[in-house]
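Values quoted throughout were computed directly from the atomic coordinates according to the rules given, and no laboratory measurement underlies them. As the structure is a prediction and not an experimental result, all values here were calculated from the model. Using ideal geometry, Cβ is built from the backbone for each residue, glycine included, and neighbour counts are taken over all protein chains shown.
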């Protein structure tokens, strides 16, 4: 097929590569404009642009895809289908209906669960055992189009937002290739979505990472994993932001206030949550790299009975 590919972040890259290597003619890669990064403000290419240039695929970076001149630019390529994965802009009806096979989206959840911007992280935060990817025929709604194919992915007990991202990116690439084959040979079956059984997977913010120690230990541990590597879960320790990168749920109640450091052990320290205890195993403080808790305890004084505070 002649494909116009729309995507921007690292999550999209594997699918672009898979389509090209499966023999599809990717005639254009559409991605977000370059952005300045770092102190020097040097312009950085989006990951999809870097991959497209490697494969010699033309790149189009519109500020507003719905602008008439941008719509006309897409029309010039006379593509059979558009594949959209984490592009970052809402497509108007005239683009959705421009090609014979329309626009197919790869979404990082088992729709209709976790519609929205951050399905990967919310699956971890909410303690899902199974998630996956869905290909969908896009319509004008937000992740509401007819479903085409699905592939399930099992979450490990120590799954993080980062590790699940990589698993789903690989699954999405495989599924997209299968979907285009099914559309081409006529075996694809469209299935309407029902109501979503989960809340809208809203976009992540740094504020979401502020640990509320009145929550139970399991919920906090899931938050830590779900927000690893970004934006990270954090708390206040002696007036400093302490990022928590790894933690373990421990049984027991101490009667202490939530947020109290109740025990110092060789490899970490235990904090009283609203229910249960949380053992901190890896952390980071300002100006320092991530470190295991045993290294932190050797370099800093942490006292039993001291507090970690919420809502910095």
Query raised in the report: Where in the stretch 1-16 is the amide nitrogen less than 17 Å from a point lying 7 Å along the Cα-to-Cβ axis of residue 76?
Result: 3-5
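By count of other Cβ within 10 Å, fewest leading, how are 185, 143, 216, 80 ordered? Can you show the working numbers first?
On the way: 185 8, 143 22, 216 15, 80 19.
Ordered by Cβ neighbours within 10 Å, fewest first: 185, 216, 80, 143.
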Report summary line: In nm, the gap between the two label points placed 7 Å beyond Cα toward Cβ at residue 263 and residue 17 is 4.5
Report task. Using only alpha carbon pairs under 8 Å that are at least six residues apart, calculate the relative contact order of the stretch 206-299 and give it in whole percent. Result -> 27
**Report entry** MRE, 222 nm, helices only [DSSP H, n ≥ 4, -39500 (n - 2.57), over the chain, to nearest 500]
**Finding:** -7500 deg cm²/dmol
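Among DSSP beta bridges lying fully in the chain, give the percent that are antiparallel, nearest 5. The partial results should precede the final answer.
Working: 40 of 58 bridges.
Close to 70 percent.
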Report summary line: For Cα Rg over 2.2 N^0.38 Å the list reads (1) 1.16; (2) 0.90; (3) 1.07; the calculated value is entry (1)
Report summary line: Each label sits 7 Å from Cα toward the beta-carbon; between residue 310 and residue 34 the label points are separated, in nm, by 4.5
Query raised in the report: With r defined as the distance between the Cβ atoms of residue 185 and residue 43 and R0 fixed at 41 Å, what FRET efficiency is calculated, to the nearest 0.05?
Result: 0.45
Query - the chain: angle of helix 217-226 to the longest principal axis, Cα-based, in degrees nearest 10 - result: 40
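Which ordering of 103, 176, 70 is given by a fewest-first count of other beta-carbon atoms within 10 Å?
Going from sparsest to densest Cβ surroundings: 70, 103, 176.
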Query - 17 Å reach of a label modelled at residue 61, 7 Å along Cα-to-Cβ, counting backbone N of the stretch 88-107 - result: 88-89
Report summary line: Assertion target for 136, 6, 1, ordered by fewest C-beta neighbours within 10 angstrom first, is 1, 136, 6
